[in-house]
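Engineer: The structure follows.
What follows is calculated from the coordinates using simple rules that are stated; it is not laboratory data. Remember, it's a predicted structure, so these values are computed and weren't measured experimentally. Glycine also receives a Cβ, built like all others from the backbone with ideal geometry; neighbour counts cover every protein chain displayed.
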Amino acid sequence: MFTKEDVEILAYQRYKSGEDYEKSVWYLAELCVKINKNTRNSLDFKPLETDNLVILLNENVDGVLIEPTEEEVKDMAEVIYSEHPEKSKLHFFIAEKQLLLEEIKKVLSENKHN
């Protein structure tokens, strides 16, 4: 599991990268859709909220991450754009979702070998 400090460090690294706002929104959307496609109760994972790390994988996840379509990411990006989040908040939520997705990948990898 990861800590709040892990999220803050990654968010700061994203801030220092100078990535533009549009790319940040798109990346956050992509992360959220991937998480939502691979977990139960996926409506609980909102792009601009902190998530609980109690994760249940979808039953149709068979050891490999389910990837979203470009249209699904586009739809999520539009939702994020409509909220007009500050760029600093985008960095924080991207960092959090990145770490969350890494945890999902670990679980998938462990289940694939069992």
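Engineer: So who's got an amide H within less than 5 Å of the one on Thr39, skipping anything under 5 residues away but keeping other chains? H placed 1.01 Å off N, in plane.
Structural biologist: Those lying under 5 Å, H to H, from Thr39 are Asn58.
Engineer: On to the next question. Going by amide H atoms built from the backbone, whose H comes under 5 Å of the H on Glu19, apart from near neighbours?
Structural biologist: Amide H neighbours of Glu19: none.
Engineer: Just order 12-19, 66-73, 26-33 by mean Cβ neighbour count inside 10 Å, highest at the front, would you?
Structural biologist: So the peptides 12-19, 66-73, 26-33, ranked by packing, come out 26-33, 66-73, 12-19.
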